[in-house]
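The values are calculated or read from the model by the stated rules, or taken from the named source; none is laboratory data. None of these values were measured; they are calculated from a predicted model. Virtual Cβ from ideal backbone geometry, glycine too; neighbours counted across all protein chains shown. All accessible areas refer to the heavy atoms of the entire protein, side chains included, with ligands and DNA or RNA removed. Shrake-Rupley method; radii C 1.70, N 1.55, O 1.52, S 1.80 Å.
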Amino acid sequence: MRPTYEVRLFGAITDEQAFATIPMVAKMPLGALAFAMVAIGQTRAGCAEVRLGDEYYTYYNVRIEGTTFQYDREVQ
């Protein structure tokens, strides 16, 4: 069974309020982020948080351009 991640998308890195929160079933956090953005037709996000329970992953400057998925990741 694959876990359900909570994907929160922010317009800018400094935004405190997410413009979208999407539950997404996926094997890995990065897959959940990509699937969530495609599901709502979003091609850019200044910041994205992907959560699973107490674990979270933060991605910055997320972009989908054609078949290319680009992002910067926070070092933990």
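Between F69 and F35, the distance separating the two model label sites (each 7 Å from Cα on the Cα→Cβ line) works out to 1.0 nm.
The portion of the accessible surface of the range 8-76 made up by carbon and sulfur, rounded to a whole percent, is 51 (1.4 Å probe; DNA, RNA and ligands excluded). Classify the chain as rounded, prolate or oblate, taking a ≥ b ≥ c as the square roots of the eigenvalues of its Cα gyration tensor: rounded when a/c is under 1.5, otherwise prolate if a/b is larger than b/c and oblate if not. Judged from the Cα gyration tensor, the chain comes out rounded (a/c under 1.5).
Accessible area per residue, 1.4 Å probe, Å², for the chain: what's the number?
So the chain comes to 65 Å² accessible per residue, rounded to a whole number.
Net charge in the neighbourhood of V25 (other residues with Cβ under 15 Å of its Cβ; Lys, Arg +1, Asp, Glu -1) is +2. Relative contact order of the chain: 27 percent, from C-alpha pairs under 8 Å at least 6 residues apart in sequence. Summarising the amide proton neighbourhood of A20: residues at separation of 5 or more, or on other chains, whose placed amide H is nearer than 5 Å comprise L9.
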